[in-house]
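Here the structure is laid out as structure tokens; the discussion comes afterwards.
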Amino acid sequence: MKKTIIIILLSMLAFDIRSIAQTLPQLSKNSIKEVIAAMTLEEKAKFVVGQGIHMPDSSSGPSIGQTQDKVQGAAGTTFAIPRLGIPSMVVSDGPAGLRIDSIRNNDHSKTYYATAWPVATLLASSWDTTLVKKVGVAFGSEVHEYGVDVLLGPGMNIQRNPLGGRNFEYYSEDPVVSGNIAAAFVKGIQSNGVGTSIKHYAANNQETDRNSVNETISERALREIYLKNFEIAVKKSNPWTVMSSYNYINGTYASENYDLLTTVLRKEWGYKGFVMTDWFGGKDAVAQMKAGNNLLMPGKPNQTQQIIDAVKNGTLDEKILNENIAGILTVMLESPAFKKFKYSNKPDLKKDAQVAREAATEGMILLKNDNNTLPLTSAKKIALFGIAGYDLIAGGTGSGDVNKAYTVSLAQGLQNAKYSLNNEMQNIYTNYITDYRTKHPKQSIIEQFRHPAPPMPEYVLDNNFITQQATSTDLAIVSIGRNAGEGNDRKIDNDFNLSDTEKTLIKNVADAFHAQNKKVIVVLNIGGVIEMASWRDEADGILLAWQPGLEGGNAITDILTGKVNPSGKLAVSFPMNYSDVPSAKNFPGKEFPEKATKNNLGMMQIPAEVTYEEGIYVGYRYYNTFNVKPAYEFGYGLSYSNFTYGNLKLSSSTFKNNITATITVTNQGKFAGKEVVEIYLSAPTNNLDKPAEELKAFGKTKLLKPGETQTLKFTLTAADLASFYTDKESWIADAGRYTIKAGASSTDIRLTTSFNLAADIVVEKVNKALAPQNNINELKSLQTKETGYINELNNFSAVGQ
């Protein structure tokens, strides 16, 4: 009898709750304003603070928040308010693949693997927005089918310095490439009905002291270089969210910076989505709310209390809190969580792997090919040297890592294509790798932050053994690997520069094989720029494979064998030496260890500062303007075909509103192939210091058969002509003569033409925002008719390290 009474009472209670819910505003059925009005202050504060993060490998300190593990291994969730019809959204890492747990609750009967896609730098090296969108569509289907609402990517910071630890997550040194590739990726992802979070906004260009470094950057450098890529992506693709970065910009944390998040992003660019912090970013929850940072991630209980207290004591206007909530709810209405999508946990990984393989081939770059060493023709027996040949680096570490089902090594790729490898050498390398891994097990992400594991040293082979291989095989491939990731920047010695062991290996292999008139190919399985000038003459062919994702070995083999004609081009310059890099003298900056404190993860956080003295002269803008020859210039890349450019024509000789350039590209080679055409612009410099030329547009042909021609069209607007005048807070296109340069690289200019602009055009007047607190002695060039460009390196003083 008691049991029956309890059941009746519970049924009545449930009915009452449903009745109450029907009288409460419900998201989508009522206006967002009405829903917010029905929230308690505590609900409001909790809603703008994430639900914590599950950290099973952390032994320091209490757990952070209460994670709702809807998708195990995801980076975080938002706060649900069921009584108002508000669900919890799931956000997950994934610049190079969805980062979730492959095994859940120790149940090995089911797996939840994701595709490890080619890294961002490789995708940008394709210079192909159609391809990148295709990758995004496939990638987004996995996000959707695994129950994730927002992908925390793409990463799109500028590769300011080659030592940047997360450069593999970023696209380019150039904002036009970065912005347009990111926009294509975002469109592809979001076509699945899921969101993206473009990151890290802004100027997160180093990992050293990333939570504490104050970056002093001029307004012009910010506007033209470090914000321009985000502006392009926002305006062309409307990402659901933007992630604010860790660093200070001119004295203020990015996540607490009203100018950055509201004045520029929302008022000037018209952004309609919401902003979330990077994980544990910033310090002051109330300041973040006031700045327009809608969501604090991953969320801590004390942040909720700070917001509640601030509203109660009047230091935070509840209207601001309501606006931040409205921004999140507006996006939430489009989310799979709100639409109650029944995800399958079964994306088509086999199909996606083939897209990854195709994309990898499109972004690999042929750097050297003496005497048509490639593609491989008669070689059948290959001597594969280097640990990376047997242990492919599919992608970087940290939040950019992916739990994937497999990785195809170069050795496997060659064998899949029916090439014969030496069994003895294969056993030597695989045993060495296994032994090293046993002694150095994979670290948790927290341990990797605290005590980064040293990279696996290259194996030292006996010279006699190398000579034996030269006798018994047809050709040598030497694979060099590099990896990096979140939390730490790279080093110059044994990283940017090859180790002595690696250089010796290349030289000994080259000596032995060249003595028998056999070729040597170097394959670079790397995530960032390295020094090449000191050893490249040893190789007959060099293929830059980057970090190509899980199908990497097959994709590399596709290029080596000629199944795919390489068409990738560098989206970042390779300098002759590290000292040639324009930011080398002030990267990563100066530290103040006496002011160090512990952060949320128990690690020391050291205040630091860095001044961007190179200003706008990043990458090729510096090398071209100051006549510094790189090892491989921006935009460079070879093909198995030869392409000629012709018929560069303008729609007018005088600029009015816009101008269109057309150019024909003809495949004069024996192989079908694709060509990237790069459009650079040289602008008049009467009133403002400017780079020698700047990339303004690019396009890639279809697969052209031998003898086939295609016409490409590029339209430039007044905004493409404009530079930022700090004293006028305006983008201005200066009157005068402009030169359009159509090139196969930033220095391989094939055709030029020019047009006139009769009078200055004020393209846009913007707000005074993000000004540095101190004057910056920026690098400049002087241009006169008599002397050309003059290097003012005497003003280019070092700051810090």
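The values are calculated or read from the model by the stated rules, or taken from the named source; none is laboratory data. Please read these numbers as outputs of a predicted model, since none were measured by experiment. So basically every Cβ, Gly included, is an ideal-geometry build from the backbone, and we count neighbours across all protein chains shown. To get the accessible areas, we keep the full protein, side chains included, count just its heavy atoms, and leave off ligands, DNA and RNA. Shrake-Rupley method; radii C 1.70, N 1.55, O 1.52, S 1.80 Å.
The figures follow:
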quantity	calculated
Qualifying residue in region 276-289 (condition: under 30 Å from Ala719 (Cα atoms) and not β-branched (Val, Ile, Thr))	yes
Cβ pairs under 8 Å, 6+ apart, first in region 453-479 and under 18 Å from Asp540 (Cβ atoms), second part of a loop (DSSP other than H, G, I, E, B) and among the charged types (D, E, K, R)	Ala470/Lys518; Thr473/Lys518; Asp474/Lys380; Asp474/Lys518; Leu475/Lys518; Leu475/Lys519; Ala476/Lys518; Ala476/Lys519
Qualifying residues in region 437-473 (those that are hydroxyl-bearing (Ser, Thr, Tyr) and within 38 Å of the chain's Cα centre (by Cα)) - the one modelled with the highest pLDDT	Tyr459
Number of the exception - Thr557 against (1) touching a residue at least 60 places away in the same chain (Cβ under 8 Å); (2) open to solvent by 10 Å² or more (accessible area, probe 1.4 Å)	(2)
Per-region count, region 679-703, residues over 30 Å from Glu778 (Cβ atoms) and either surrounded by fewer than 15 Cβ atoms within 10 Å (Cβ to Cβ) or touching a Lys or Arg at 6+ places or on another chain (Cβ under 7 Å) (or both)	4
Test: residue in region 629-638 that is among the basic types (Lys, Arg) and either modelled with pLDDT under 95 or part of a strand (DSSP E or B) (or both)	no
Residue under evaluation Ile64, criteria (1) of a type in the set (Val, Ile, Thr); (2) closer than 29 Å to Gly673 by Cβ; (3) modelled with pLDDT under 95, criterion not met	(2)
Tally of residues being within 25 Å of Ser420 (Cβ to Cβ) and either assigned to a loop (DSSP other than H, G, I, E, B) or in contact with a Cys (Cβ under 9 Å, 6 or more places away or on another chain) (or both) across region 450-487	7
Subset of region 639-669 [small (Gly, Ala, Ser) and either assigned to a strand (DSSP E or B) or open to solvent by less than 60 Å² (accessible area, probe 1.4 Å) (or both)]	Ser639, Ser641, Gly646, Ser652, Ala661, Gly669
Some residue of region 501-516 being more than 24 Å from Lys381 (Cα to Cα) and surrounded by fewer than 21 Cβ atoms within 10 Å (Cβ to Cβ)	yes
Test: residue in region 379-399 that is assigned to a helix (DSSP H, G or I), at pLDDT below 95 and not aromatic (Phe, Trp, Tyr)	yes
Enumeration of residues in region 537-554 that are outside any strand (DSSP E or B) and closer than 22 Å to Ala379 by Cα	Asp537, Glu538, Ala539, Asp540, Ala545, Gly552, Gly553, Asn554
Matching residues, region 348-374, being more than 25 Å from the chain's Cα centre (by Cα) and more than 20 Å from Leu122 (Cβ to Cβ)	Asp370, Asn371, Asn372, Thr373
Options Gly164, Gly136, Gly193, Gly140; residue that is in contact with an Asp or Glu (Cβ under 9 Å, 6 or more places away or on another chain), open to solvent by less than 10 Å² (accessible area, probe 1.4 Å) and either at pLDDT below 95 or not basic (Lys, Arg) (or both)	Gly164
Any hit, region 538-546, residues being in contact with a Leu (Cβ under 9 Å, 6 or more places away or on another chain) and open to solvent by 10 Å² or more (accessible area, probe 1.4 Å)	yes
Those residues of region 424-449 which are open to solvent by 50 Å² or more (accessible area, probe 1.4 Å) and not in a helix (DSSP H, G or I), in sequence order	His440, Pro441, Lys442, Gln443
Any hit, region 670-678, residues being among the β-branched types (Val, Ile, Thr) and crowded, with 18+ Cβ neighbours inside 10 Å	yes
Any strands (runs of 3 or more DSSP E) falling wholly within region 684-782 and containing at least 3 residues that are not polar (S, T, N, Q)	694-700, 709-717, 730-733, 736-743, 749-757, 761-765
Inter-residue pairs, beta-carbon under 9 Å, first on the phi > 0 side of the Ramachandran plot and in region 656-668, second surrounded by fewer than 22 Cβ atoms within 10 Å (Cβ to Cβ) and not aliphatic (A, V, I, L, M), 6+ apart	Asn657/Thr717
Tally, over region 76-103, of residues that are open to solvent by less than 10 Å² (accessible area, probe 1.4 Å) and not in a strand (DSSP E or B)	9
Matching residues in region 592-612 - criterion: being at pLDDT 90 or above, of a type in the set (Val, Ile, Thr) and over 10 Å from Asn211 (Cβ atoms)	Val610, Thr611
Positions within region 587-632 being surrounded by fewer than 21 Cβ atoms within 10 Å (Cβ to Cβ) and farther than 21 Å from Gln206 by Cα, in sequence order	Glu594, Phe626, Asn627, Val628, Lys629, Ala631
Filter result (assigned to a loop (DSSP other than H, G, I, E, B) and either closer than 10 Å to Ala45 by Cα or of a type in the set (Ser, Thr, Tyr) (or both)) within region 309-336	Thr315, Ser335
Qualifying residue in region 743-750 (condition: more than 22 Å from Tyr620 (Cβ to Cβ) and surrounded by fewer than 19 Cβ atoms within 10 Å (Cβ to Cβ))	no
Search result, residues across region 104-133 that are open to solvent by 20 Å² or more (accessible area, probe 1.4 Å), farther than 20 Å from Ala394 by Cα and in a loop (DSSP other than H, G, I, E, B)	Asn105, Asn106, His108, Ser109, Lys110, Asp128
Single residue of region 707-730 satisfying the filter (hydroxyl-bearing (Ser, Thr, Tyr) and within 28 Å of the chain's Cα centre (by Cα)) that is surrounded by the most Cβ atoms within 10 Å (Cβ to Cβ)	Ser723
From the options Trp240, Trp269, residue that is at pLDDT 95 or above, farther than 24 Å from Gln51 by Cβ and in contact with a helix residue (DSSP H, G or I) (Cβ under 8 Å, 6 or more places away or on another chain)	Trp269
